[in-house]
Every structure is written in C-alpha cells, then in structure tokens.
1. With respect to ALA225, is the statement that it is within 16 Å of the ligand (Cβ to nearest atom), touching a residue at least 40 places away in the same chain (Cβ under 8 Å) and not assigned by TED's automatic domain parsing to the domain that holds CYS395 true?
2. So which residues in region 383-407 are within 16 Å of the ligand (Cβ to nearest atom) and surrounded by fewer than 24 Cβ atoms within 10 Å (Cβ to Cβ), if there are any at all?
3. From the list ALA232, ALA206, ALA182, ALA213, which one is in contact with a strand residue (DSSP E or B) (Cβ under 8 Å, 6 or more places away or on another chain) and within 19 Å of THR381 (Cβ to Cβ)?
4. Is it the case that some residue within region 98-108 is farther than 29 Å from HIS134 by Cα and more than 16 Å from the ligand (Cβ to nearest atom)?
5. For THR176, are the conditions met, namely being away from the ligand (no atom under 12 Å from the Cβ) and among the polar types (S, T, N, Q)?
6. With a cut-off of at least 1 residues that are polar (S, T, N, Q), name the helices (runs of 4 or more DSSP H) lying wholly within region 312-417.
7. For the condition within 11 Å of the ligand (Cβ to nearest atom) and part of a strand (DSSP E or B), what is the one hit in VAL210, VAL216?
8. Filter region 251-273 for residues that are modelled with pLDDT of 95 or more, within 16 Å of ALA113 (Cα to Cα) and surrounded by 14 or more Cβ atoms within 10 Å (Cβ to Cβ) and give the result.
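The values are calculated or read from the model by the stated rules, or taken from the named source; none is laboratory data. Quick caveat, the model's predicted, so the values are computed rather than measured. All Cβ positions, even for glycine, are placed from backbone atoms using ideal geometry, and neighbour counts span all protein chains on display.
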Amino acid sequence: MAANVSPFSAPEAYDAARVRRDFPILATQVNGHPLVYLDSAASSQRPLPVLRAVEDYETHSHANVHRGVHALSQAATSAFEGARERARRFLNARSIREIIFVRGTTEAINLVAQSYARPRFGPGDEILISALEHHANIVPWQMVCEQTGCTLKVAPINRRGELLYEEFEELLGPRTRLVAIAHVSNALGTVLPVKRIVEAAHAHGAVVLVDGAQAVPHSRVDVRALDADFYAFSGHKMYAPTGIGVLYGREELLAAMPPWQGGGEMILTVSFDRTTYNELPWKFEAGTPNISGAVGLGAAMDYLESLGVEAVAAHEARLLALATAELARIPGIELVGTAASKASVLSFTLAGVHAHDLGTILDTEGIAVRTGHHCAMPVMTFFGIPATARASFGCYNTEDDVARLVAGLGRVREVFG
Ligand code: PMP
C-alpha cells in the first residue's frame, strides 16, 4: 500500500483500460465531459460481474432466507451463506461463525460498542483510539463512555498525519480495555501499523477493533495473520453494493457477547417467559438480511481477487505517487496528509479557494472529488482547516485521470485568478 513507488520505474503490466470496461458507469458524460471518478474512498463503482450477480440473484433466486423449505428459499439461503463462506476465505477467518453480515463499517463498530464494550466496561476503564479516526470510530465509543462511565483516550498524530506510535504506546495501560484503530485513514490516506498496534494492545490485555473500511480495497487482509479481535469493513468501498458489510470477530469473543438487536433470525426458541438465542453468526443478524447485497459482496471479492489485490494496490500506489508529485508543483496547493506509508487518498487545499468551490468547478469539468471534512472533523481541527478536497483512486483510475485533475486545478486557479 506504500505510495513511495516511482511512477516511472515499474513496468505498467496492469491493464487499467481493460479494467475500466468492466465499469459501465465510467462511460458517463458529466457536464459535457467524460467522467473522471476520483471519489472511490467515499464509494467505489461496481463492475459488471457484481451488477450481474445481483441481477441474477434477484431475477432467479430471490426469497427469504433460512426459514423456507421451498426451492427458492433454499436457493436464496445457499447464495447468502455462500457469500458468507466467500467472505471467510477473503479474510482467512477460521470459521463462518466469525463472519457477521452488517450494513457496513458503521454498524459493525456500533455492534461491538454496544454488545462487547457496553456490558463490560465501567468507570476507570479506557478505550483508546487515534486522532485520525472517522466519526464512525469515534462516536460509538463516546456513546459507550456516556453509557458506562468509561473514558476515551486519543493517541496523537504528527503534521504528516502519522500516528505518534510512542505516545500511543504510552497511553496503553492496565486500564485500557479496547483499542479501536483505522487500518487506513480516509481523510489522509495514512496506513497505520496495525499489526504492531495489535501486538502492543494484546500485551496489555486489551482487545483490538480495526476499522478496515479504507484498507480492504487496497490490500490483502488476513485476520489470522493480523490477529485483530474485530475487523470491520463496508462492501461499497470495495466494488460491492451499499448496505452490506462485514464484522469479523474472534469466535470466543462473539460467543460471549449478547445479541444487540432482537427479532427474527437471531433466536432458537421464543416464549413469553424465555427466549434462547441462535448460534453464531445468526445471533447477531436479527431480521431479514440484505441478501442481494451479500451476493454482490461475494462477487466483488471474486472480482478484486481476479485482478489481484496486490496488483491493484501497486497500480493505485503509482497513481498516488504521480498525483502527489504533480499537485506539489501547482502553486498554492498544500497536501494534507504526507505520511511515509499511504494508500490511494490525496487530500489537499488550494490557497484562497474553499474546498467546496474547488469541487464545484472540478465538477463542471466532469471531475468527481470529495470536499469537506470527510467525517473526520477532529483531523480538520488538528490541521486548522475547515475542509480539504480529496482525490481517491480505485482499480479503474488511470494516468489520464491524474492529468485531467491537474488540468482541472489549472482551471480552478484561472477562475479564482
Ligand atoms: N471508517 C472509515 C475509515 C471510512 O472511510 C468510512 C466511510 N467513509 C467509515 C468508517 C464508515 O463506513 P460506512 O459509511 O460504509 O458505514
């Protein structure tokens, strides 16, 4: 995931032009220009194999899962549970009991906050996060602190947007019960040393949740090698539909956690006196799930692995290095987030131009970037800015996209003279 790959050295074996043909939406014209999509960190586009898998499921196999003896219900159940097994292999989890389908990263983190942390933590206990987290990895912990009286600690970052690792380690102590940390920062692109963090946290007896929303599209994640206790991600950032994601959890932890939502699917027996809960993973999946989303997620995992996650990551790293070098040459551009290890995200400001105006002018040129605080307001506060513009890369971006971005920024500078 490192960005320090020379854009000029490695041979361009990766065929981005071919990859682009898998994504029909990339042929869209926006404001009279061919679309340049540089917003994959917010949500990636879906390739034909994912669109077709969803359509095929909806056309031929849909019924509710688990409860039916009829053929369609069995077809739907096997498609849904097949996707779970696919996700298990994708993450190298030990068992499908460790794969909980959720709406996305946000729901996954809230599940752990409410089902793992809330019943266990109390005054004196500490939850440790970092200063570069997405709101989804801040607010659920603040809620647990309000509910239980435990304390939130925040490990600082430096001006490059890197975690100050020694400070982080100093904050780990006998009171630390849980560490919740991003694998890759969405606002800055920083890749965090999660393996080292997991080892250090475990040495202090704390469990670790890794927010992998920005990591799974750009790196191979092996939860056994990483040894994290929980790993959360969203399908829609890795070429799958919205409304589906995964919480991986270590089985012995999940087994000891109470369900967090009640309803159908998550029970074995119900009477007015007593209800018994289903086995893992269904104990955490109350109600009818997002079946077609899970099917699409499985297809997206097939797709990403068919391209080769490492090949995609190397391609994106070349684009990031190229864009970083090009933007650094533009007068007035300030890069925000210059960590030694980065993945696919380039945040920046342009002197005298609000990020929203910059984004609006780029849009008139057909270029989609994200502008704002990127759901990481504390990061903006740290850098003393209200917002950044953020270009982010996916498997389908090209050097031409970078050239169009650079030209678009030239246009912004003309407009603002
Ligand atoms: N964490 C990070 C690092 C993210 O980038 C995002 C999405 N921007 C989330 C959490 C939340 O993901 P979702 O909205 O899909 O639940």
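1. No: the conditions fail for ALA225.
2. Matches in region 383-407: ALA387 only.
3. Details: ALA232 fails: within 19 Å of THR381 (Cβ to Cβ); ALA206 fails: within 19 Å of THR381 (Cβ to Cβ); ALA213 fails: within 19 Å of THR381 (Cβ to Cβ).
Of the residues listed, the single one that is in contact with a strand residue (DSSP E or B) (Cβ under 8 Å, 6 or more places away or on another chain) and within 19 Å of THR381 (Cβ to Cβ) is ALA182.
4. Scanning region 98-108, I find no residue that is farther than 29 Å from HIS134 by Cα and more than 16 Å from the ligand (Cβ to nearest atom), so the answer is no.
5. Details: away from the ligand (no atom under 12 Å from the Cβ): yes; among the polar types (S, T, N, Q): yes.
For THR176, the condition - away from the ligand (no atom under 12 Å from the Cβ) and among the polar types (S, T, N, Q) - is met.
6. Working: elements: 355-364, 377-383, 399-415.
The qualifying helices (runs of 4 or more DSSP H) are 355-364, 377-383.
7. Going through VAL210, VAL216 in turn, just one is within 11 Å of the ligand (Cβ to nearest atom) and part of a strand (DSSP E or B): VAL210.
8. LEU253, LEU254, MET257, PRO259, GLN261
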